Each structure stands twice: as structure tokens, then as C-alpha cells.
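Computed from the coordinates by the stated procedures, all read-outs in this text should not be read as laboratory data. Predicted model only: the values in this text are computed from it and were never measured. Quick reminder, even Gly has a Cβ in these numbers, built from the backbone with ideal geometry, and neighbours come from all protein chains shown.
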Amino acid sequence: MAGVQVANVSRSFGAHRALDNVSIDFADGGFYALLGPSGSGKTTLLRQIAGFDFPDTGRIAIGGESVERVPVEKRRIGMVFQNYALFPNMSVADNVAFGLSVRGEPKASIAAEVQRALDLVQLGKLGGRRPHQLSGGQRQRVALARAIVTKPRVLLLDEPLGALDKALRVDMQIELKRIQREIGITTIFVTHDQEEALTMSDRIGILRDGRLVQEGPPEEIYDRPQSEFAATFLGDANIFRGDATGNGIRLPDGTTIAAASGPSLAAGARASCAVRPERIQISTGAAKPDADNANTLKGQVSKRIFAGNNSTYFVDRDGQTLKVIVQNTGAERLAEGQPVVLSWSPDSTVLIAAG
Amino acid sequence: MATTRILEWLGRCYIVLLLGFLYLPIIIMALMSFNASPFYQLPLEWTTDWYASLWQNDQLIAATWNSIEIAVITTVIATVLGSAASLALYRCDFPGKKVLQALLFPPIAIPWLITGTAMLIFFFGIGIGRGLVAILLGHVALALPYVLVVVSARLQTFAPELEEAARSLGANQWQVTNRVTLPWIMPGVIAGGLFAFAVSFDQFVVSYFLSTPGQTTLPVEIYAAIRKGFTPEINAVSTIIIVVSMALMLLTARFFKFGGEK
């Protein structure tokens, strides 16, 4: 087991800069998600760590050992591919045994280790099957068993749950997390699914256009995004744009919004504020908002989407549509077209420098 | 209901006609190889004399062995070279690859008469001349594009992640090819080999240009024999060849489900 250090890695394909000076430290035993839209460079970064491709500049180390020019077969990594990439001409057991067998390990010990790996992914009885006889979820488990049976230093997963349906996905998320904890392997996980990144990982790195936008624990990125992109890509956010005032921003119409966290910006600089939809209180104006909700705006409900445990209100205000999520507490629901007052606390507001 | 029955009936007729078109001449030839009359007189009088006299025809037997030998060696060389070339074209990017790829296929469309003439001139120019070696070289050149086409087509269905997965598990290039890629393309390799064998064994035009009277192949020998005067021995040798090659084809089709297996 080992940590992975990526330092100042850049990689271009022709004129396209797929990775632009990316540095991340993946601590030993952690579960990391690399999150980003397609084309953000997350898969390119994973392939650099795996060794399928080498960086133009920069350094990659696994367990302190520089590997940026070591080919994949010598890196001792385990990888799970998006479409599983199981060998169709081999049985499940032979698939799992492949990595041990190319290393020339004795047959008897291979059989025992394969069985242990299959038991770990709860497929102990299916060793004799062919990949095409398995369901998607089972193939996923075989791919995982095959990747970990060689005791790799780091486990790399390229959108491993992308091909599964929703219910199976949730099962596999829990399962993957359990197995990762059980063997304590450093795991780097590429996904474009923000929910998956939030629920599974210890830390998230958000990539955009080949650059690392923000990196940290899920709670930190969610609560204190450092860019509009991070705020809107990881979860939903209402973004207000205006000029910095010292403790918030002033909107073009003169309304001020106070923010408790964020960088200190020179007054008058272009800046934004981000507020999560579930932090905003919505009322008809008759009721008084909570005392510490210093930020208030007036608007009009343009649409309500009822989703059972909560409702999402779209509120029009000065040409902008704001999103508010209200838990279903049995309180009176607001009608479309109704004038409302929105209020929220500066503690729920993050100041963001204009990017 | 009635229309479907008529359509079904028409379909059956079509199949019967098609098979008749393909096999009737062959069946008649096979029957005549057992007919005592050398002038195809009916009714058929059963005899195996032609097979017996075939056994005495040293020239025909020598040519048959030449043909088999050349076809087998051609198959081995063309299949190995062609499969290796397909793999290289699939995996590697190098300058001029597109041009090379484009140049590999037109030989299939060039008339054999022209290829044969060109080879004859070329082999004389470089001092190989005519004979079995020249025939072998010519056949390999003719068969290579067929192997390439068939194996490349099979490789198009190969998922490149499989090679990546094998490498990530620590397999070197040799192990990747041997244990992952080759098993996948094997039906294509076998089919390519069969094509190579057929191209060589059937080859008349190029062999005719490159053979000398003592060193010749079966099709050329048969042609020479017909010009001297047709004997039912030719029917006999043809029947043997047809039975053997059909058996070979059926066996391969049985053991390697072409394209059927996923």
C-alpha cells in the first residue's frame, strides 16, 4: 500500500492541453474521487497514474518512488475499467488468476488467492462461469477481484459504476467502500457523478479543462467552494454576482448580501456569492424570518416541483431564477405566482472571487 | 396464410436451385470418375479403374504433392506474416501507415494474369527464375492480403481495454498478445489460413507462369493433361481433392464457429 503524489503534471495532445500543471497528494489508504465533466482531464490524470500514458512534464510518485517513466505493467497498480474489460476467453477464476499467473506464481497458491478474492467480492461460487454468463454487477465484482488479487499499491477505478442501473449502483457503492476499508488500499476513483463522489470519498478533487479547481474533503468543498464552478458542479447553488463590499457583495440593484466565509477581497472588486438551495428560507412575508437570516430578497414563485420528501421552488427575482429546496414538514405549500420573501444567514453564504 | 406458404415453398425451391447450381457439375464429375466409358456414355458402368491408373500416373502424383507442399508452406508463412502485420497495423502508429494500409489491399483486385507476368519478369530479373521456389514466393504474396483482410476485420471487434487490463495486471507485451489478443483473433487467423490455403491450392494463372515442366503444381498439370487429351483420371484426382478439401472445411467450420462466438 502506498500514497500517490502527482506534482506539476502537464500533458498535451497536439494543441489540446489535457492536463495543465496538476498537483495532488493522495494519502496512503484514502479514498479519492476525481470529479469533473467530460473532457476535464480526470481520465487522462488516472491514465497517467496508471502508466498507460506519460506526462510531458511533472512528477508522479507511488509510495515515494518516482514512476512517471515506468510503464503500467511495472507499476503494481490495480485498475477497474468502465466496461469491466474481462477477458472473454477465460473463466471468472482464470480472469482473477491472470495477474498472479503472468507473475509466474505457483498454481496451488494462485488457486487459494483467487478463491479468497472471489469470496471477498461475494462471488465465491461463480469461479467456473464465463464473463458473458454474469450480470453487470457480477462482472463489476469480478473486475474488482481481478484488480485487487495481486495486492497492488494503489487501486484505480475509471467510472466503475457508470454502466450499472441506479439501484445496483447504490449497492455497489456500499460494497466498494466496504472492500476498500477491509483491505485499506489507496483508491482513486474517476466519476462525473457528484452524488457518487460525495457519498463515497474521503477527499474530492474537482477538475475542469485540465486544471485542478479545488481539492479537499466533500464537506469542505460543498460548504466552502472556492469558485462558481466548484459550487455549481458539486451540488446545486444559487449564484449572485456583484461588487465586493468587505463582508459580502452589492448586487447591481443596490441590495447587499453578507457572506461569513470566503477570501477577503478589495472593496469594489468583481465577486460572487453562492448559497445552497436548502439553506434558504422561503415565506409569504407575513411570517418574520429567523433572526440571524440577515440576507433577504423579495421574489415571486414561478414553479414548484414536488418530490415527496421535499419541494423545489423556482423563484423569479430581478431577471434571475433562484432555487429553494424546502423539506416536506407538512407546512402550507406555496402556490405558483405567489410573492415571497427569501432569507438566509450569512453563515450559509460563501464569497467567491470572480474567476 | 396462403401467401406465407407460397413464399416458404418458393424459398425452398430457391435453396434447391442454388445448391444444384453449386454442386451438380461436381456431382456429375464425381460420378463420371466411376464410369467405365471414357466418353461419358450412359448408363453408368461402375469401375474404379481410373483411380487405379491414377495411382500409376507419377507426373500427376508428383504435381499433387507439389501443390499440397506449396499450399501448406504458403499457409503457414502467409498466416504468420499476415496476422503479425494486422496486429502491427492495429496497435502501432507510424509515419506512412495509411499509405501502407492502402497499398496492401489492391493486389486482391489486380488480375492474376498481370501479377503473374510481373512476377515472372521480376523473378528472372533477380535471378530466382522459375520453379517451385518462385511459385511458393508468388503464392505467399498472393495470399498475404487475404489473411490481412480477414484478421484485421476480426481485430476491429477487439476491445482495446482488454490489452490495457492485461498490462495493468503486470503482463508484458508477449503475455498480452499470447493470452489475450491471439485467443480473440484466432477464428480470424484460422479463416485467413484457409483462404491462404485455397488461394495457393487453387492457383493456376500465377503457377502456370512460374512453373517449369518438371516442377509444376496440380492445376497446371491438369491443364497440360487436358491439352494432351482428356482422361477420366482427371475426374478421379479432382474427386479426391474435392472430398478432402470439403472434409477439411467442414471440420474447421465445426471446431471454429466463425464469427458466431462472442
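Tabulated data for the structure shown
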read-out	value
Residue-by-residue Karplus 3J(HN,Hα) for segment A:43-58, coefficients 6.51, -1.76, 1.60, Hz, glycine and proline x	6, 4, 5, 4, 5, 5, 5, 5, x, 6, 8, 10, x, 5, 9, x
Partner aspartates and glutamates for A:Lys303 [C-alpha distance under 19 Å; skip if fewer than 8 residues away on the same chain]	A:Asp236, A:Glu278, A:Asp316, A:Asp318, A:Glu332, A:Glu336
Listed residue pairs exceeding 26 Å between alpha carbons, taken from A:Lys107/A:Lys151; A:Lys74/A:Lys125; A:Lys42/A:Lys74	A:Lys74/A:Lys125
For segment A:146-209: rounded, prolate or oblate by the Cα gyration tensor [a/c cutoff 1.5]	oblate
Cβ neighbours within 10 Å from other chains - mean over A:80-90	5
Estimated dipole of chain A in Debye, rounded to 20 [Cβ of Lys and Arg +1, of Asp and Glu -1, Cα centre]	900
Cα centroid separation, segment A:167-199 to segment A:1-70 (Å)	20
Rounded if a/c under 1.5, otherwise prolate or oblate - segment A:125-266, Cα gyration tensor axes	prolate
Protection proxy ranking, peptides B:17-29, B:222-234, average beta carbon neighbours within 10 Å, highest first	B:222-234, B:17-29
Shape call, segment A:113-172: gyration tensor on alpha carbons, a/c limit 1.5	oblate
Value at 222 nm in deg cm²/dmol, rounded to 500, when DSSP H runs of n ≥ 4 in chain B each add -39,500 (n - 2.57)	-24500 deg cm²/dmol
³J(HN,Hα), Karplus 6.51/-1.76/1.60, whole Hz, each residue of segment A:166-180, x for Gly, Pro	4, 5, 5, 4, 5, 4, 5, 4, 5, 4, 4, 5, 4, 5, 4
In order through segment A:273-282: 3J(HN,Hα) via Karplus (6.51 cos²θ - 1.76 cosθ + 1.60), integer Hz, x for Gly, Pro	10, 10, 9, 6, x, 7, 8, 8, 9, 10
Between segment A:89-164 and segment B:198-224, the alpha-carbon center distance in angstrom	54
Among A:Phe13, A:Phe314, A:Phe233, residue whose mean-square fluctuation peaks in a GNM of chain A (springs only between Cα atoms under 10 Å)	A:Phe13
Computed [θ] at 222 nm, helices only, for chain A once each DSSP H run of length n ≥ 4 contributes -39500 (n - 2.57)	-7000 deg cm²/dmol
Average beta carbon contacts from partner chains per residue of A:72-79, 10 Å cutoff	5
Cβ neighbours within 10 Å from other chains - mean over A:93-103	4
Mean-position separation - Cα centroids, segment A:282-355 and segment B:34-74, in angstrom	96
Bridge type composition, the protein assembly as shown - antiparallel percent by DSSP, nearest 5	75
Signed unit charges on C-beta, dipole axis of chain A, positive-most listed residue A:Leu164, A:Val96, A:Asn295	A:Val96
Amide hydrogen neighbours beyond the local backbone of A:Asn247, cut-off 5 Å, H modeled	none
Check: segment B:1-145 dipole with +1 on Lys, Arg Cβ and -1 on Asp, Glu Cβ, in debye	640
Ranking of A:Thr44, A:Thr312 by count of other Cβ atoms within 10 Å, fewest first	A:Thr312, A:Thr44
